[in-house]
Amino acid sequence: MRIKDIAIKNLLRRKGKAAFVLAGLVIGVATVVAIISYVDAMTADINEKLEKYGANILIVPRTDNLALSYGGITLGGVSYEMQEIRQAEVLKIGSIKNNKNIAAVGPIVLGGVDTGGRRVLMAGVDFEAAEILKPWWKVAGAYPRSNQALLGSEVARVLGIATGGTVMVDGQPITVAGILQPTGSQDDQLIFTDLGTAQAMLGKSGVVSMVEVAALCKDCPITDMVRQISGAMPLAKVMAIQSVVKGRMETLGQFKKFSFGISAVIVLIGGLVVLVTLMGSVRERRQEIGIFRAIGFRKRNVMQIIFLEAGIVSFLAGLIGYGVGILGAALGLRLLSDSHSSGVIMDPALAGSALLIAVTVGLIASAYPAFLASRMDPNDALKAM
Amino acid sequence: MDFITADQLTRAYGSGDSTVMAITDVSFMIEAGEFVAVMGESGAGKSTLLSIMGAMNTPTGGVYTVDGIDVYNLGQEQRADFRREFLGFIFQSFHLVPYLNVIENVMLPLTTVRLRRREKETMAMQALSWVGLETKAKRLPNQISGGEKERVAIARAIVNDPPILLADEPTGNLDSRNTQEVMELLQRLNEAGTTVIMVTHSAECAGYARRRLEMSDGRLVNNGAAEPLESPRKKAPAIRAA
């Protein structure tokens, strides 16, 4: 016979009360777990989309612009001391500290060309990188090889050229390998060729107009990477394209804070349920505690019994609460989120935290009942029988 | 040598004009191995005296010593240790813990004692065997009769081999056959060396004792005459707290 035997047997006898305490804690823990899991899943979803979004860092030549605008009307700008990006510089991007977070680097050279009387912007790109940087591209036909072109949908429409046709660029015939389906962006109005071809045609060998970088920002802050690239390419201006994502992340952060507040209140209520139930239980067990004290149990032995009971129920509540919370988050994602490419993440740290929260709340809530039980006068308790 | 001494024990409840004297100036001495019956009408102060002797009710005056220990000079936790090591309690209403089976109820006083589970079980089975209930060790209290419950309570009281047994109306809820069995058990325990102090209304039960303390209105009116002891006398506690 040990203290824990008494605690376990009492819990088994008072199943209803134990279940009530369990339910109070399970609701609290499950709410916390569900909210955290839901928010984590949404964050993962956003991160995943961010990676699919393509380029999220843009590198352009450093210029000193004087904005000429008045009354909301932009009159143009004056650029001077324009620096071009040397292609060799682009290789330095691969040497930054967070280089493992770089998914793709896409140098682009831009320049105007003549296509039979019409001026069109030509872009030389690395098509391998473009597949990662512009995952939304859908090509009718094939990606071009050397001396071939990919036409934006508007260019193809205006010039009346179909896949397999030929377009005259600055008097040189170039075969159209594919046509980009409408993207709703500036890409629709460009002629794309591979980087080398464009550099040769535009007379820009060894230089690029800009560089797009796709960074995997799940594990690192994008601002760190911008700083690192700026360090590696001091003559270029490095910008993060993160405003939309940042806005969404901020909204999620606010939701997270609000949810934590709600969770804290629910956990507090769970703790109060434990407190009230155990207070009632201690009063009901007055006779039993009187017997324990009469036959030589010390105060701490009586407290051990109450704490053990609360600890066992709280531990179970932590386990069940975690399971229920994960199921709740999965259900929430299914019902509330229109996109749930990322499922609920089974996080061992969250499971541990759930157990810790449950046991801590259970033990704190049982401290006062345990204290009262230990102070019970055996003579009064036995006289009350 | 006197094993238990009560020197002008007084217990008052309340204060001022509403003070009620439960016992007043009660003094007596009990030798180790005695069988003492405390008698008196209802409200005479018997149960108060027994609770004081059980180290559970601090007197408002007087000194109570056991084996030279001033019991109420001990701290609360030391008194809990004293109860465990020196005393066995038998209550009128049995006071078995309903969710523990017979052997677990008997093992209760050993819960906080540093012994192996098997040793505790052996001690509990010996105590149960002593009261003739070894075959009902796994039954719950609600599965045995009133007489059996009282015998389980006796087994629980003696499992740690205490030198003093305090019994509060141990046969109050029993029929005559069970009363006789319980009294014979107490007598055997006393013959084995245990000091037995029993509160009772019953003259028949008091007949098993060798000495009677009679109380009236909170005062000891008859100190009783101790008979010479022939049985062994148990003084030292058999076990120590964990």
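A few notes on this one:
- Crossing angle, helix B:176-191 versus chain B [Cα axis fit, 0-90 degrees, rounded to tens]: 80 degrees
- Rounded to 5, the percent of DSSP beta bridges in segment B:2-222 classed as antiparallel: 50 percent
- Residue (of A:ILE27, A:ASN147, A:SER263) at the positive-pole extreme of chain A, dipole from beta-carbon charges: A:ILE27
- Mean Kyte hydropathy of -1.0 or more with a Cα span along the axis of at least 24 Å, helices from DSSP in chain A: A:15-52, A:243-284, A:299-336, A:348-374
- Cut-off 16 Å (backbone N to label point 7 Å along Cα→Cβ of B:GLN76), residues of segment B:28-61: B:55-59
- At R0 = 35 Å, FRET efficiency that the Cβ-Cβ distance of B:THR122 and B:GLN180 yields, to 0.05: 0.75
- In this calculation the C-beta distance from B:SER216 to B:GLN8 is compared with R0 = 22 Å, giving a FRET efficiency of 0.80.
- Using distinct alpha-carbon pairs, which all enter the 1/r mean, Kirkwood radius of chain A in Å: 26.4 Å
- Where both bridge residues fall in the protein assembly as shown, DSSP classifies roughly 65% of the beta bridges as antiparallel.
- Expressed as a whole percent, the proportion of Cα-Cα pairs in segment A:111-242 lying more than 17 Å apart is 61%.
- At full extension, A:MET239 and A:GLN186 could sit 17.2 nm farther apart than now, given 0.36 nm per residue minus the alpha carbon distance.
- Taking the centroid of alpha carbons for each part, segment B:27-99 and segment A:146-203 are 106 Å apart.
- Between 0 and 90 degrees, the angle of helix B:76-86 with respect to the longest Cα principal axis of chain B falls at about 60 degrees.
- Direction-averaged projected area, Cα convex hull, segment A:263-367: 7.9 nm², rounded to one decimal.
- From largest to smallest, the equivalent ellipsoid semi-axes obtained for segment B:2-222 from the alpha-carbon gyration tensor read 29, 20, 16 Å.
- A simple spin-label model places the labels of A:ARG2 and B:GLU31 4.5 nm from each other, with each point 7 Å out along Cα-to-Cβ.
- Largest first and in whole Å, the equivalent-ellipsoid semi-axes of segment A:78-144 read 26, 22, 9, each the square root of five times a Cα gyration tensor eigenvalue.
- Accessible area in square angstrom per residue, chain A, 1.4 angstrom probe: 49 Å²
The values are calculated or read from the model by the stated rules, or taken from the named source; none is laboratory data. No experiment lies behind these values; they were computed from the predicted model shown. Positions of Cβ are generated from backbone atoms using ideal geometry, with glycine treated the same way; all protein chains shown enter the neighbour counts. Heavy atoms of the whole protein, side chains included, go into the accessibility calculation; ligands, DNA and RNA do not. Shrake-Rupley method; radii C 1.70, N 1.55, O 1.52, S 1.80 Å.
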